[in-house]
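Single-structure report; data block below.
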Amino acid sequence: QVQLVESGGGLVQPGGSLRLSCVASGSTFSFSAMGWYRQAPGKQRDMVASITIFGRVNYADSVKGRFTISRDNAKNTVYLQMNSLKPEDTAVYYCNLRFRSMDSWGQGTQVTVSS
């Protein structure tokens, strides 16, 4: 079972930036699609950004132009750079790894955007 550990969440003012990191255990990272999801209180978990093994990226419309997903296969790490943060970005952010149609999830990291 792959383990994913997220970090980088916290409290930030509107307009600020944060960078989330997710480190994966094991040897499947380079062969896995990676994604970031978020879940606000009382809402479903939604995809924020994803990146394939070939580096092809996809973003939710709400974060296009503000968030950037990237990966470093040498470090088994996926990143989410979040700029121009808004209060509506407040949520728990989860890292996802998909390998051969099997999903693994991290424990989540809280991002709060508030003045």
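The values are calculated or read from the model by the stated rules, or taken from the named source; none is laboratory data. A quick note: this is a predicted structure, and the numbers were derived from the prediction, not measured. Cβ atoms come from the backbone with ideal geometry, glycine included; neighbour counts cover every protein chain shown. Ligands, DNA and RNA are stripped out before the accessible areas are found, and what is left, the full protein with its side chains, is counted by its heavy atoms. Shrake-Rupley method; radii C 1.70, N 1.55, O 1.52, S 1.80 Å.
What is the spin-label model distance, in nm, from Asn83 to Thr68 if the labels are put 7 Å beyond Cα along the C-beta direction?
0.6 nm
Normalised by the empirical 2.2 N^0.38 Å for globular proteins, what value does the Cα Rg of segment 21-108 take?
Values: Rg = 12.6 Å, N = 88, 2.2 N^0.38 = 12.1 Å.
Output field value: 1.04.
What are the ³J(HN,Hα) values, in whole Hz, obtained from phi via the Karplus relation 6.51 cos²θ - 1.76 cosθ + 1.60 with θ = phi - 60°, for each residue of segment 63-68 in sequence order, with x given for Gly and Pro?
So the Karplus estimates, Gly and Pro as x, are 10, 4, x, 10, 10, 9 Hz.
What do you reckon, how do Lys86, Lys43, Lys64 stack up by accessible area (1.4 Å probe), largest on top? Write out the running numbers ahead of the final one.
Values: Lys86 80, Lys43 140, Lys64 115 Å².
Result, largest first: Lys43, Lys64, Lys86.
Quick one: pull the percent of accessible area on the chain belonging to carbon and sulfur, 1.4 Å probe, ligands and nucleic acids left out.
Looking at the chain in its full context, I get 49 percent from C and S.
Quick one: Cα centre-to-centre distance for segment 1-48 and segment 49-115, in angstrom?
5 Å
Tell me, what HN-Hα J-couplings in whole Hz come from the Karplus equation 6.51 cos²θ - 1.76 cosθ + 1.60 at θ = phi - 60° for each residue of segment 91-103, using x for Gly and Pro?
Each residue's phi maps through the Karplus curve to give 4, 8, 9, 10, 8, 10, 10, 10, 10, 6, 6, 9, 9 Hz.
Based on Cβ point charges of +1 for Lys and Arg and -1 for Asp and Glu, what charge dipole magnitude is obtained for segment 1-107 about its Cα centre, in debye rounded to the nearest 20?
The calculation lands at about 160 debye.
Quick one: of the DSSP bridges fully inside the chain, what percent are antiparallel, nearest 5?
95 percent
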